[in-house]
Amino acid sequence: MKTIILIIVAFLITACVQLKAPERIISDTYRTGKEIYHDISSSDGERHFVHEIVLAKGAEVALEKERCIDELVSKAREKDAVDSYEVKKVVHTEGATDTIYCEVKAMTL
């Protein structure tokens, strides 16, 4: 009798518990690792910066790409004295949440 009650209780408890993983855990981990690698291995006077923004519904992709780059360059200028920069990559990812990812190579003084 005790085993039957125990089994029923176990099924009821497991039915109430739900684990949910973040949507983009692998891509976020990859990008963070890539950014850390670039920061550690960057050559003298050259640094790589990355930035990602989530698009609002109905936002224009072209304007948001420009905003991503502008925010990234301002972030780079806060960290280092940036002489010039080169846009390496701008990617628009569609999915449950649309995102824009941009990467810039900055020449520092």
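None of the figures in this text is laboratory data; all of them are computed from the coordinates on show. If you're wondering where the values come from, they're calculated on a predicted model, not measured in any experiment.
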Could you tally up the Lys pairs in the stretch 24-108 with alpha carbons closer than 24 Å? Skip any pair fewer than 8 positions apart unless they're on separate chains. 21
Give or take rounding to whole Å, what are the principal axis extents of the alpha carbon atoms in the stretch 24-108, in descending order? 40, 27, 18
